[in-house]
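Trainee: Below you will find the structure I want to go over with you.
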Amino acid sequence: MTTLMAETKEATPPKTVAMPLAVLNRQEMLRFLDFIEAMDDEARGILPLLQTDACFRMTLFLMRQHLQARLTTVTSLAASSGVPYATAMRRIEEMVEAGLIVRRPRTKTGKSFSLHPSQALIDAAYDYARRIKRVIGKAFGLSGAETGLQDYYFGGSYLAARIIPPPAVREVPLALVEPLRILVHADPTFMAMDNLKRQLENGFGVAIQNRALSIDRLRLEGLKNSEAKASRYDIIAIDLPWIGEFATKGVLLPLDELIGEAGLHGSDFHPASWQGCRYGERQWAVPIQTTPEIFFYREDIFAEAGLAPPTTTDAVLDAARRLHRPHQGLRGIAWNAARGTPMGHTFLMIMSA
């Protein structure tokens with residue numbers, strides 16, 4: 001199953017910027033910021049006549065706040081600088097003028113605003129982190145220091161993925177009177193969005209309202225919503241087989257122009273998923289979650305029963321019958337067999353395998 005995020009016919013999405021790849025993921029970057037701040041504290045506490053670099057300290061603070069989706073005010077940023085308030089305010093103004101800090105209004109009057117690292121500062125901070133990671137790797141003879149730093153993880157066990165750094169916040173919040181309304185599938189992936197809700201709200205500058213439905217109810221709600229005079233949602237999640245139906249019935253907004261403005265590239269997605277989002281030479285959605293169904297067996301249970309791993313459908317059914325002991329709390333097989341679309345997904349997966 002491929003789940004897609006698509007615009008409803010009234011939505012106006014924010015513009016985004018294509019981001020360079022980074023070696024550090026979010027947790028590793030937070031560890032790095034802690035490390036650099038501790039190093040700076042030790043240096044200033046021991047080395048004579050060493051002066052506090054206010055811009056450096058405020059950069060660390062801004063990045064940490066951004067990664068943790070916490071609000072930064074002028075007062076809190078100045079306090080993080082380690083210098084007198086008046087000096088900190090001058091440094092903040094210098095960083096704003098240099099395009100390193102973004103001021104975003106918190107009220108309609110514009111008298112109150114929050115501070116955020118600009119994309120330029122985020123990119124520079126990640127580049128700095130990569131360079132320092134390389135220096136540390138070379139100094140301590142860690143594997144990967146000479147070949148792109150893919151073989152060691154800063155501050156913990158190795159994580160292999162090259163991960164895009166988080167985007168900067170929007171300088172101007174989304175122009176929405178109501179919260180950003182999103183209709184999603186009630187599966188673990190989308191339900192995890194609730195845990196990221198604060199970070200997403202911080203980035204967009206608006207409240208987010210999620211509604212989660214089962215897969216079949218999700219389709220019916222999308223169709224019902226398209227009949228309303230005004231859409232109840234700004235973004236909806238849809239299943240790949242619905243693209244043609246939703247496109248012809250006017251449920252979705254074509255995304256070709258918006259994708260071009262956002263700098264998205266089809267090559268960044270699995271080709272089948274990206275092509276599956278097209279209908280009638282138009283792009284109607286962007287792939288978000290591609291889900292395979294994986295068949296596995298318990299080696300210990302099979303060994304105890306003297307069964308070989310099944311390699312055919314008949315062998316699977318035979319093993320399931322022999323292992324099925326519900327009175328002992330053991331079922332021979334468990335599979336995605338709920339009525340409706342879940343059953344259809346499993347059937348297609350089996351056929352394609």
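Trainee: Taking the conditions exactly as written (of a type in the set (Phe, Trp, Tyr), closer than 30 Å to residue 176 by Cβ, open to solvent by less than 70 Å² (accessible area, probe 1.4 Å) and touching a helix residue (DSSP H, G or I) at 6+ places or on another chain (Cβ under 9 Å)), does residue 56 satisfy them or not?
Mentor: no
Trainee: Looking only at the stretch 182-198, which residues are farther than 20 Å from residue 220 by Cβ and at pLDDT below 80?
Mentor: Within the stretch 182-198, 188, 189, 192, 193, 194, 195, 196 meet the criteria.
Trainee: Next question. Is there any pair linking a residue in the stretch 173-188 that is among the small types (Gly, Ala, Ser) to one that is open to solvent by 20 Å² or more (accessible area, probe 1.4 Å), with Cβ under 8 Å and at least six apart or on different chains, and which?
Mentor: 175/12; 186/212; 186/214
Trainee: Turning to a different aspect of this structure: For the stretch 88-112, which residues satisfy the criterion of being open to solvent by 30 Å² or more (accessible area, probe 1.4 Å) and in contact (Cβ under 8 Å) with a residue 12 or more places away in the chain?
Mentor: 89, 91, 94, 99, 100, 103, 105
Trainee: Let me ask you something else. When you check residue 131 against the structure, is it open to solvent by 40 Å² or more (accessible area, probe 1.4 Å) and either modelled with pLDDT under 85 or small (Gly, Ala, Ser) (or both), yes or no?
Mentor: no
Trainee: Looking only at the stretch 50-65, decide whether some residue is basic (Lys, Arg) and farther than 23 Å from residue 26 by Cα.
Mentor: Of all residues in the stretch 50-65, those basic (Lys, Arg) come to 57, 64.
Then drop every residue that is not farther than 23 Å from residue 26 by Cα, which leaves none.
Scanning the stretch 50-65, I find no residue that is basic (Lys, Arg) and farther than 23 Å from residue 26 by Cα, so the answer is no.
Trainee: Of everything in the stretch 313-348, what is assigned to a loop (DSSP other than H, G, I, E, B) and under 30 Å from residue 239 (Cβ atoms)? Give them in sequence order.
Mentor: 331, 332, 333, 334, 335, 336, 337, 338, 339, 340
Trainee: Would a scan of the stretch 135-153 turn up a residue that is modelled with pLDDT of 80 or more, open to solvent by 20 Å² or more (accessible area, probe 1.4 Å) and over 30 Å from residue 233 (Cβ atoms)?
Mentor: Here is the first cut: in the stretch 135-153, the ones modelled with pLDDT of 80 or more are 135-136.
Checking the rest, the ones that are also open to solvent by 20 Å² or more (accessible area, probe 1.4 Å) come to 135-136.
Next, only the ones that are over 30 Å from residue 233 (Cβ atoms) stay: 135-136.
Yes, some residue in the stretch 135-153 is modelled with pLDDT of 80 or more, open to solvent by 20 Å² or more (accessible area, probe 1.4 Å) and over 30 Å from residue 233 (Cβ atoms).
Trainee: Still on this structure, I have one more. Go through the stretch 257-272 and count every residue that is at pLDDT 85 or above and out of contact with any Asp or Glu (no Cβ under 8 Å at 6 or more places or on another chain).
Mentor: To start, the set of residues in the stretch 257-272 that are at pLDDT 85 or above comprises 257-259.
With the extra rule that they be out of contact with any Asp or Glu (no Cβ under 8 Å at 6 or more places or on another chain), the set shrinks to 257, 259.
Summing the residues that are at pLDDT 85 or above and out of contact with any Asp or Glu (no Cβ under 8 Å at 6 or more places or on another chain) in the stretch 257-272 gives 2.
Trainee: So residue 313 fits all but one of (1) open to solvent by less than 90 Å² (accessible area, probe 1.4 Å); (2) more than 23 Å from residue 185 (Cα to Cα); (3) free of Cβ contacts under 8 Å to residues at least 60 places away in the same chain; what number is the exception?
Mentor: Here residue 313 clears every test but (1).
The values are calculated or read from the model by the stated rules, or taken from the named source; none is laboratory data. Everything numeric in this text was worked out from a predicted model, so none of it was measured. Because the Cβ atoms are built from the backbone with ideal geometry, glycine has one as well, and the counts that use them run over all protein chains shown. Note: areas computed on protein heavy atoms with side chains; ligands, DNA, RNA excluded. Shrake-Rupley method; radii C 1.70, N 1.55, O 1.52, S 1.80 Å.
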